[in-house]
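Shown next, in structure tokens, is the structure this report addresses.
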Amino acid sequence: MSKKLVIVESPSKSKTIEQYLGKEYKVLSSKGHIRDLAISGPGGLGIDVTNHFKPTYEVLPEKKALIKELNQALKTSTEVFLATDPDREGEAISWHLLETLNVGHKPVKRVIFNEITKDAITEAFENPKDIDLALVESQETRRILDRIIGFKLSKLLQNKIKSKSAGRVQSAALKLLTDREKEINAFIEEEYYDISVSFAGFTAKLFKYMGHTPKLPDLKLTDEILSSLQEEYLIASVEKKEKSTFSRLPFITSTLQQEASTKYGLSSTKTMQVAQKLYEGIQIGDESVGLITYMRTDSTRLSQTFMQHATEYVLHTYGKEYLGHARKNIYKGKIQDAHEAIRPTSCSRTPESIKRYLSKDEFRIYSMIYSRAIAFFMKPSINEITTVLIENNLSLFKVSASKPVFDGYLKLYGSFEVKEEEEEDEKTSLPPLKENQILMAETVNKKQMFTMPPSRYSEAKLIKEMEDLGIGRPSTYAQTIQLLKTRKYVAYTEKKFHPTEQGIMTIHKLDEFFNEFISSNYSKDMENVLDEVAAGSLQGETILQEFYDYFIPLYEHATKHMEKEQPKQTGEVCPKCGSTMVHRHGKFGDFEACSNFPKCKYIKPSENAPAKPVDTGVLCPVCQKGTLIERIAKKGKNAGSKFYGCSNYPSCKHISPLKPTGRKCPVCGKDLVLNEQNDVQCLDSLHCDYKETNESA
């Protein structure tokens, strides 16, 4: 029976969509990309740079069977709907499907939806579009650009300093981390002092001295201020004012990753995996339901329908006093992400109502997304801020307290609110104080302090910095960070990034020869240029030609002049040829080897290397060819214990039932062993009759 064929990216998504569309549709998955740039041609780029940068694409080996399956389904299909993800990459995947599959003359349409719900799916299929070729060109331009930079720089660094890879986005992110490390290493600690005065019920800190904000760099000035203080302190002013704090904008990709990292310690990769599942569909009772909108976005826009539903939900659930006035719905998205912020697909589907269907992390992420989106429509929280200034001679002290007046949006989002690390907890109350009141100090305190170096980046801070500087796109942050870890350019310890020696050396070389291409400014400018390509106001080929003409001379210069990193000497000489021994790094870790490789292939045995098997010299009783070897079991319940096996393994797989005792035979000197009756006998029982029976013992 003929059906309308729908192709999506994710298999788990296909089940959800098929149940909404009905029996006349068949939904299959491409499982992501089906083809990529080839690794053939000059430099293995898969790009003909002399022919308008024409790319050569190849079907991914693991997708060949899938292509056959899709083509088979096409034979009985009347129409084709390409329903890949609603971003540049999704648009490109749809185009690759159209170019690769045997579509023939069947009508092909592109459908786009930001949430997997029945209403959204129905509306998308009622309003199909054509593939946006400008978006495809933008994505293809990005892919070609990054292929040239990545392949060229990676090959160069592999040859010169054994670094595994480099790239426009990953190297710019790594540079942030190494630059911060330089700041930390160059930091010089400075001493300073802090003065505070304790009164009954509170403590005030020195705010000004002689009308200026004091800097107390040494003990001398600190003691001068302390000696100038008199016994009586005068309250100069008591000021009370209300401070309103508005709810934050709904989540975009980067802010979701930041908050999940700060609040729950989840990596960006884990956060996106969980969000992907929430978007594609969770089994709720008898149906699979998409719980959130598309999670790769840098747009804070919300649909009018959702805004209306959210307003009604707040009014019904919390009352008129919590419903906020209409706030300007800020849209700061890019062309490629002209869809919504991350929000729940239904206001009535509260986190608690579906908690039993969700894993721990799914519940956490969904609760954050749900609460932040709904809280956007609630009134601000209000705090009463009391500020007290206290005079003493030439010194002015200050103390503040913050008292909640109205919880506002915090009634919903309060448990998720994350304060910045540098924020200090304010006092919630002060004793009754009034102007011109005289106070007597209980204690006057001076505290020696030291300036602190800049802190290393946490994952949340790195993502925020990348977003602020325009390095890459939100959808690439998790992948970029994971790549830096995989390449061992960074270590992530105590929730902070520490650049490794290899990472620092990589950036040092790139900085020397390709400074412009790994800067945050270049990455940001390129993203803006790609947006113009997506808008149809720039041609991708023009961008690529300008880039190539500037980049290649730099690459050729670096190839010629970048010094090759020599392996470090160990201070020992090779016992075979007398050459120096050096440290090397291989597939299975670090090792020490002869510098005269490949003429001399000596490798120093590792201290942790397993001991060589001991040959007992006893003929194998089964094959009569090999000898019994004393080995150590590596697996199973007997792991670590000794046993005897034939040296002729795998031709002979005999394992002796005899167990070593650690003693030697007093007659022939071979091993004494325990047999199956627990009698002690000589291992070489074919030639030696020595035995210790339980009876003789």
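The values are calculated or read from the model by the stated rules, or taken from the named source; none is laboratory data. In this text the structure is predicted, and so the values were computed from the model without any measurement. Quick reminder, even Gly has a Cβ in these numbers, built from the backbone with ideal geometry, and neighbours come from all protein chains shown. Please note that ligands, DNA and RNA were not included when accessible areas were found on the heavy atoms of the full protein model with its side chains. Shrake-Rupley method; radii C 1.70, N 1.55, O 1.52, S 1.80 Å.
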| said: Criterion first (at pLDDT below 95 and within 32 Å of the chain's Cα centre (by Cα)) does Glu563 satisfy it? | reply: no
| message | Looking at region 151-190 only, could you name the residues that are at pLDDT below 95 and touching a strand residue (DSSP E or B) at 6+ places or on another chain (Cβ under 8 Å)? | response | Lys162, Glu189, Glu190
| task | Specify the residue that is most open to solvent (accessible area, probe 1.4 Å); the eligible residues are those in region 175-212 that are among the basic types (Lys, Arg) and within 30 Å of Lys509 (Cα to Cα). | result | Lys182
| note | Across (1) in contact with a Leu (Cβ under 7 Å, 6 or more places away or on another chain); (2) closer than 30 Å to Arg343 by Cα, Ala236 clears everything bar (2)
| request: Working carefully through the options Gln448, Gln479, find the one that is surrounded by fewer than 21 Cβ atoms within 10 Å (Cβ to Cβ) and assigned to a helix (DSSP H, G or I). | output: Gln479
| task | Within region 584-598, work out how many residues are at pLDDT below 90 and either over 36 Å from the mean Cα position of the chain (by Cα) or open to solvent by less than 90 Å² (accessible area, probe 1.4 Å) (or both). | result | 9
| request: Could you please let me know if Gln170 is among the polar types (S, T, N, Q), over 19 Å from Arg473 (Cβ atoms) and under 26 Å from the mean Cα position of the chain (by Cα)? | output: no
| remark: Sole miss for Tyr492 among (1) of a type in the set (Phe, Trp, Tyr); (2) open to solvent by 60 Å² or more (accessible area, probe 1.4 Å); (3) closer than 16 Å to Asp146 by Cβ is condition (3)
| query | So which helices (runs of 4 or more DSSP H) are wholly in region 104-194 and hold at least 1 residues that are more than 25 Å from Thr16 (Cα to Cα)? | reply | 133-161, 168-186
| query | What tally of residues in region 274-296 results from selecting those that are closer than 18 Å to Lys360 by Cβ and either touching a strand residue (DSSP E or B) at 6+ places or on another chain (Cβ under 8 Å) or modelled with pLDDT under 95 (or both)? | reply | 9
| Any idea which of Lys568, Lys560 is of a type in the set (Lys, Arg) and within 28 Å of Phe53 (Cα to Cα)? | Lys560
| query | Residue check, Arg35 against (1) closer than 30 Å to Thr542 by Cβ; (2) free of Cβ contacts under 8 Å to residues at least 24 places away in the same chain; (3) among the basic types (Lys, Arg), all met but one. Which one? | reply | (2)
| field | Hey, Thr305 open to solvent by 20 Å² or more (accessible area, probe 1.4 Å) and closer than 26 Å to Thr16 by Cβ or not | value | yes
| request: Would you check which residues across region 234-260 are farther than 24 Å from Val405 by Cα and not in a strand (DSSP E or B) and list them? | output: Pro250, Ile252, Thr253, Ser254, Thr255, Leu256, Gln257, Gln258, Glu259, Ala260
| Within region 365-381, is there a residue that is assigned to a strand (DSSP E or B), modelled with pLDDT of 95 or more, surrounded by fewer than 18 Cβ atoms within 10 Å (Cβ to Cβ) and within 38 Å of the chain's Cα centre (by Cα)? | no
| query | Somewhere in region 314-321, is a residue modelled with pLDDT of 95 or more, open to solvent by less than 60 Å² (accessible area, probe 1.4 Å) and not in a loop (DSSP other than H, G, I, E, B)? | reply | yes
| field | In region 94-103, the residues that are surrounded by fewer than 24 Cβ atoms within 10 Å (Cβ to Cβ) and either assigned to a helix (DSSP H, G or I) or β-branched (Val, Ile, Thr) (or both) | value | Trp95, His96, Leu97, Leu98, Glu99, Thr100, Val103
| Hits in region 255-275 - residues which are open to solvent by 10 Å² or more (accessible area, probe 1.4 Å), in contact with a helix residue (DSSP H, G or I) (Cβ under 6 Å, 6 or more places away or on another chain) and under 16 Å from Arg473 (Cβ atoms) | Gln258, Thr269, Met272
| Any idea which residue in region 611-662 is farthest from Asp684 (Cα to Cα), counting only those that are open to solvent by less than 60 Å² (accessible area, probe 1.4 Å) and polar (S, T, N, Q)? | Ser641
| field | Index of the failed condition, Lys109 passing every other in (1) open to solvent by less than 50 Å² (accessible area, probe 1.4 Å); (2) modelled with pLDDT of 95 or more; (3) more than 27 Å from Gln545 (Cβ to Cβ) | value | (1)
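Okay, residues lined up against (1) among the small types (Gly, Ala, Ser); (2) modelled with pLDDT of 95 or more; (3) open to solvent by 60 Å² or more (accessible area, probe 1.4 Å):
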| site | (1), (2), (3) |
| --- | --- |
| Ser10 | yes, no, no |
| Lys13 | no, no, no |
| Glu24 | no, no, yes |
| Ser29 | yes, no, no |
| Ser40 | yes, no, no |
| Gly44 | yes, no, no |
| query | For region 224-264, which residues satisfy the criterion of being touching a residue at least 40 places away in the same chain (Cβ under 8 Å) and of a type in the set (Asp, Glu)? | reply | Glu231, Glu232, Glu239, Glu242, Glu259
| request: Tell me, yes or no, whether region 87-98 has at least one residue that is closer than 25 Å to Gly46 by Cα, among the aromatic types (Phe, Trp, Tyr) and either touching a Ser or Thr at 6+ places or on another chain (Cβ under 8 Å) or modelled with pLDDT of 95 or more (or both). | output: yes
